[in-house]
Amino acid sequence: MDNIYLIMVVVLFALAISDLVVGVSNDAVNFLNSAIGSKAASFKVIMIVAAVGILVGATTSSGMMEVARKGIFNPNLFAFSDIMYIFLAVMLTDVLLLDLFNTFGMPTSTTVSIVFELLGAAIALAIIKVSNDPSTSLSEYINTAKALAIISGILLSVIVAFSVGAIVQYITRLIFSFNYQNRLKYIGAVWGGVAITAITYFILIKGAKGASFMTSDTKEWINNNALIIIGVSFVAWTVLLQIFRALFKLDILKFTVLVGTFALAMAFAGNDLVNFIGVPLAGLESYGFFKAAGNVDPTTFKMSALAGKVATDTYLLVIAGIIMVITLWTSKKAKAVVKTSLDLSRQQEGDERFGSSFFARSIVRSSINASNSINTIIPKPISNFISKQFDSTKYEEQRIALGKDAPAFDMIRATVNLVVASILIAMATSYKLPLSTTYVTFMVAMGTSLTDGAWGRESAVYRVTGVLSVIGGWFFTAFSAFTVAFIIANIINLGGVFAIFALIVVAGYIMYRTHLISKKSTAKTTEVSEFEIEEIDGPIEADKILDTCKTTVTTSLNKILNIYVKTFKDFENEDRKELREKKKKVNNSNKKIKKVKDNIYQTVKKLQDNEIDSSLYYVQVIDYLRETAHAITFIVTPLYNHIDNNHSVFSEEQFKDLNELTESIKDLLKRAINIINNDDYEDLNDFTEAIQLKIEDLREMRKKQLKRIRKEKSGTKNSMLYLNILHETQNMILHVNNLVKSQRDLVNYKK
């Protein structure tokens, strides 16, 4: 029987490794967002700084594991077997939830996850105990005050972090404006001194105070002399920065951002490490206490020993730190989570990841009305001064000139992000308030981006929807963590060993599936990006427009041709699965072409002045390509719906006519592709005549179908579908004809 619990400990540590991987993928956004977004240094340098911070934080973390042992439940009332079931349910739930969120690039809180998983699993076992012993109550087993404190921390941190971030950024921008280089010469050292002093204090309070080498006297001295530390640190840093700037041309903002990145990475590893390895370590300690007790019954042996404080072995923390560093360098999901945060805070417009929502539209509309009302009250001179400080015209010109190397936002905002997040987290820690680093860093970034006007009227509704989606995801995390852990704990308690192995297999399969989703998502992004002209640095020439048009059009037409031909075969065979796949392919093609069309604005902005006329033909080509994609969509989707609703397919006579039509359309599309590929438009008149002849054929096919209807040889659904196919086929070839003509005009213009 003891071997079963030993296996459970091994499983807990195996899950801990997986949890470390998915946890770093989720929390990397906390300390990478500002440095990567502002491009304070090369990606390699940023990652090295973050990696060193993680290693230092991990190795100096010692007494942060109490939450797993006694923070949520009272271990003295649970038996050893109960504790192991709780811990296993928590780790299985944690790995699954974090991996799922990371797959879709949504940042969430590992702190909230672990707390509500412990709460859910503990309540599941506590309910069983209360039902067996009615003299006890649920409140005896559960530390409800801790859970309520975490919920309060969520609400408070979201509101405070966003508000403080927005206000501090507003004041900072009034001081520096977007054109801050000249002002840095005079007040850069003072600003850097304030920023790094806040970060230094943050390192002492939030990071190093948990280090094993710091005695209780040292920690008490730090707390009692906080003002002295802050004052001396400010003077020292200000003087040092001024000296290094004068002698070595030190970039104060870059240095500040990198120091802040190190601090947050250190705090993450030192404090959030409990979220990943706290439960397995508690499980190992529980097993140690159980073995030390001798030959005792695991179902009755109470775990009172867990209530004590136990220091964690340094070698385990070092191993955890190494795993976290490796994950940081290799995780694609970490980059996806960082991308979500950057997309919502970037200064420029672009492809918006999130759509619009009623709530977001209402918030934006109310904000615009409130802003207009305030502007009527503010005196004109003050309003003009504020407008000048927030004028980003020159900054935008510099950003456009940088092209692909342009940062998502400038380093003034990056330093504010880091400083405000550091101060808020340090203050909350000093007052022993529960607080999530994910919530604070994300909401500060959103507040500063709002102040900077990154949420302009072109993008505000999408950014607000994105932020609301992330915040909703945080609360969904709490609900999901509690519910899933509750269910899994009950399953383990009822099914024992068999349930444990079954759940491990299921968890592995789900993680494998989410990995496939992540790979497919990456592949789709890669496919789309090959058509994106706005990724090109600097001004665009007409040649580049022409080459991109040719690639986009021929690739898309080949896909449309392939789908059109095969769809009717699948329909004839009543193959619902294949039709569903065709429908997915059509939707994906539509999204890619839509993205190309949405990026027309960015493309035209980058055209050289003497090439501006080429944009007219480029816009026409993309418009006709989009209409062609719409036509194939309105063919495939009704065919799939027809089969999905179990309606009868066409008659042999109808299929015979359709097969002949398919072959002729196939020839026309191939001719169009060859004309564009070879830039040979001498045959265009013949091609246009062939299109007109095919339209006549389609007219005859309609007449035949109308005769079938009169003779009642075809039902209503059947007839409407058939006529729709003929109509959309006609639309498709007309748009293809116009597309080829527009491509010809673009080629002739360049010649």
Contour minus Cα-Cα span, residue 10 to residue 505, at 0.36 nm per residue, comes to 176.7 nm
Given 711/741; 185/219; 670/703, the pairs whose alpha carbons are separated by over 30 Å:
711/741; 185/219
Within region 644-716, DSSP-loop trypsin sites (Lys or Arg not before Pro) with at most 12 other C-beta atoms within 10 Å are 711
Take the alpha-carbon positions of region 533-750, form their convex hull, and give its projected area averaged over all directions (one quarter of the hull surface) in nm².
12.1
Beyond a 30 Å Cα-Cα separation, which of these cross-linked pairs lie in this structure: 582/656; 254/380; 394/597; 550/583; 388/597; 594/694?
254/380; 388/597
How much length is gained if the chain between residue 706 and residue 319 is pulled fully straight, taking 0.36 nm per residue apart and subtracting their Cα-Cα distance, in nm to one decimal?
131.7 nm
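Readers should treat all values here as calculations from the given coordinates under stated rules, not as data from a laboratory. Keep in mind it's a predicted model, so treat the numbers as computed, not measured. All Cβ positions, glycine included, derive from the backbone under ideal geometry; neighbour counts span all protein chains shown.
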